[in-house]
Amino acid sequence: MKKVLITGGAGFIAHHIIAYIIKNTDWEIVTVDRLDISGNLNRLNEILDQFSDKDKKRLKIVFHDLKAEINSQIESAIGKPDIILHLAAASHVDRSITYPMEFVQDNVVGTVNLLDYARKLNHLDRFVYFSTDEIFGNAPEGVSYKEYDRYNSTNPYSASKAAAEEFCVAYENTYKLPIYITHTMNVFGERQHPEKFIPMCIKKIRDGEVITIHSDKTKTIPGTRHYIHAEDVAEAIYFLLKKDIKLETDFGGAKCPKFNIVGAEEINNLELAQIIADSQGKELKYEMVDFHSSRPGHDLRYSLSGEKMKKLGWTPSIKLTQRIKQVVEWSLNNENWIEL
């Protein structure tokens, strides 16, 4: 039986991964979380309700802020994990623009503290660092960034994630840690924070309010994303952990494997809002807003190539429109999760 350490387990993506692992494996899970604005124990409480008492006992929660080193007491509480999935991160772009040093501490220092802990483990199978599409910056029309393309961070959040990613590469090179790096795009799903675009749209459309659609300077071209459901992300991570992957190096000897976990369909935010409105049988009221003027440090289009994962044998199994309708229906039946 394996033991997996998941950081930020009460967060949005991580709690979906915990549910997936409990459902599909016999692994023991330890989650480290400090329970700030991103963490919510109610997420874990709700997902555990679907499992038996025996399965519930496979999850252990350890309270710790990764800005502090993992000392001997925390090490003892965690035990000896075979796998580490590092999802804990500060991720609010607007806040990073106002308080950039907070993101250096949370995302860079926190990651290095976890890496230092990981390099003391004698039998670590895998360390997976969750990075983001935002490290590559805005993607011009027709461009989808591959795993090893250059960074072009446009805000302190993405810069902190890129810096942490490079520390992971360095620890793989220096200490031979078995690290995988993943880049995920806009993830959505049940129990997401209501400030995020999809739950915010669900609530505003329900209440007949106007949706703000960020666009180009002409206010005619909306921003686009490859949205992906959190359950699909969990499935992709499990696929990577189970798959026997032949590692390749480039001409410079880079060895740390990177993988883009991408939704199969690109969709603009106006189309997405319309699907949400149609799912509720409601009229869509919207306003196009110049995104640069209203939200400096944000990008109009993000796009990653999912070809590498596709060649390995993984793509999302459920269509985006079906996933969106699933989340709309769930949110309207669980309205406490879309209320600020």
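The values are calculated or read from the model by the stated rules, or taken from the named source; none is laboratory data. Nothing here was measured: the structure is a model prediction, and the numbers come from that model. Cβ atoms come from the backbone with ideal geometry, glycine included; neighbour counts cover every protein chain shown. With ligands, DNA and RNA removed, areas are computed over all heavy atoms of the protein, side chains included. Shrake-Rupley method; radii C 1.70, N 1.55, O 1.52, S 1.80 Å.
In the chain, the DSSP beta bridges split such that about 10 percent are antiparallel, to the nearest 5.
Rounded, prolate or oblate: which fits the range 126-211, taking a ≥ b ≥ c as square roots of the Cα gyration tensor eigenvalues, rounded meaning a/c under 1.5, else prolate when a/b beats b/c?
Details: a/c = 2.97, a/b = 1.96, b/c = 1.52.
Since a/c reaches 1.5 and a/b is larger than b/c, the shape of the range 126-211 is classed as prolate.
Given points 7 Å out from each Cα along the Cα-Cβ axis, report the Ala254 to Val143 separation in nanometres with one decimal. Placing both labels 7 Å along Cα→Cβ, they lie 1.6 nm apart. Placing +1 on the Cβ of every Lys and Arg and -1 on the Cβ of every Asp and Glu, with nothing else charged, gives the chain a dipole about its Cα centre of roughly 720 debye. In nm, to one decimal, how far is the modelled label at Lys217 from the one at Arg95, with both set 7 Å along Cα→Cβ? Those two pseudo-labels are separated by 3.2 nm. A straight Cα-to-Cα reach below 21 Å connects Lys325 with the lysines Lys196, Lys203, Lys204, Lys282, Lys285, residues fewer than 8 places away in its own chain not being considered.
Counting only protein heavy atoms and a 1.4 Å probe, tell me what percentage of the chain's accessible area is made up of carbon and sulfur. Please list the in-between numbers first.
Details: 7690 of 15730 Å².
Result for the chain: 49 percent of the exposed heavy-atom area is carbon or sulfur.
Comparing Cα centroids, the range 268-283 and the range 112-173 end up 33 angstrom apart. Which entry in [x] -0.57, -0.68, -0.76, -1.13; [y] -0.28, -0.37, -0.47, -1.39; [z] -0.38, -0.49, -0.61, -1.33 matches log10 I(q)/I(0) by the Debye sum over Cα atoms at q = 0.07, 0.08, 0.09, 0.15 Å⁻¹ derived from the coordinates of this structure? Of the labelled values, this structure produces [y].
Its Cα centre serving as origin, the range 1-77 has a Cβ charge dipole (Lys and Arg +1, Asp and Glu -1) of approximately 180 debye. Taking every protein chain into account, the accessible area of the chain amounts to 46 square angstrom per residue (probe 1.4 Å).
Classify the range 196-268 from the C-alpha gyration tensor, please: rounded if a/c falls under 1.5, else prolate or oblate depending on whether a/b exceeds b/c. Spell out each step's value before the answer.
Values: a/c = 4.60, a/b = 1.97, b/c = 2.33.
Oblate, because a/c is 1.5 or more while a/b does not exceed b/c.
Each residue of the range 71-81 is assigned a 3J(HN,Hα), and the resulting list reads 7, 5, 5, 5, 4, 5, 5, 6, x, 10, x Hz, derived from the Karplus form 6.51 cos²θ - 1.76 cosθ + 1.60 (θ = phi - 60°), x at Gly and Pro. Take the chain, connect every pair of alpha-carbon atoms lying under 10 Å apart with a spring to form a Gaussian network, then pick out the residue of Lys54, Lys310, Lys219 with the largest mean-square fluctuation. Greatest mean-square fluctuation among the candidates belongs to Lys54.
Among 111-117, 184-190, the peptide with the highest mean count of other Cβ atoms within 10 Å heads the list, and the full ranking is 184-190, 111-117. Net length available on complete extension from Ile318 to Lys246 is 23.2 nm, with 0.36 nm assigned per residue and the Cα-Cα distance removed. Computed from backbone phi with θ = phi - 60° and the Karplus coefficients 6.51, -1.76 and 1.60, the 3J(HN,Hα) list for the range 140-151 is x, 3, x, 9, 10, 6, 8, 4, 10, 5, 5, 7 Hz; x is used for glycine and proline.
Considering only the other residues whose Cβ falls under 11 Å of the Cβ of Phe188, what net charge follows from Lys and Arg at +1 and Asp and Glu at -1? Display every interim value, and only then the final one.
Details: positive: Arg191, Lys196, Arg225, Arg323; negative: Glu190, Glu231, Asp232.
Every neighbour counted, the sum reads +1.
Estimated purely from DSSP H runs of n ≥ 4, each contributing -39500 (n - 2.57), the mean residue ellipticity at 222 nm for the chain is -11000 deg cm²/dmol once divided by its residues.
Mind checking the full-extension length gain between Ser52 and Asp36? Use 0.36 nm per residue of separation minus the Cα-Cα distance, one decimal, nm.
Values: separation 16, 0.36 × 16 = 5.76 nm, distance 2.82 nm.
Separation in residues times 0.36 nm, less the Cα-Cα distance, equals 2.9 nm.
Cross-link partners for Lys176 among the lysines, with Cα-Cα distance under 16 Å and sequence neighbours closer than 8 places in the same chain left out: Lys120, Lys255, Lys258. Could you please state, rounded to a whole Å, how far the C-alpha centre of the range 193-265 is from the C-alpha centre of the range 28-53? Taking the Cα centre of each part, the range 193-265 and the range 28-53 sit 22 Å apart.
Given axes a ≥ b ≥ c from the Cα gyration tensor, I'd like to know whether the range 256-340 is rounded (a/c under 1.5), prolate (a/b larger than b/c) or oblate.
The shape class here is oblate.
By the rule of a C-alpha distance below 26 Å, with chain neighbours fewer than 8 residues away ignored, the lysines paired with Lys54 are Lys2, Lys3, Lys23, Lys80, Lys242. Taking label points 7 Å from Cα along the Cα-to-Cβ direction, Tyr151 and Ser76 give a separation of 3.7 nm.
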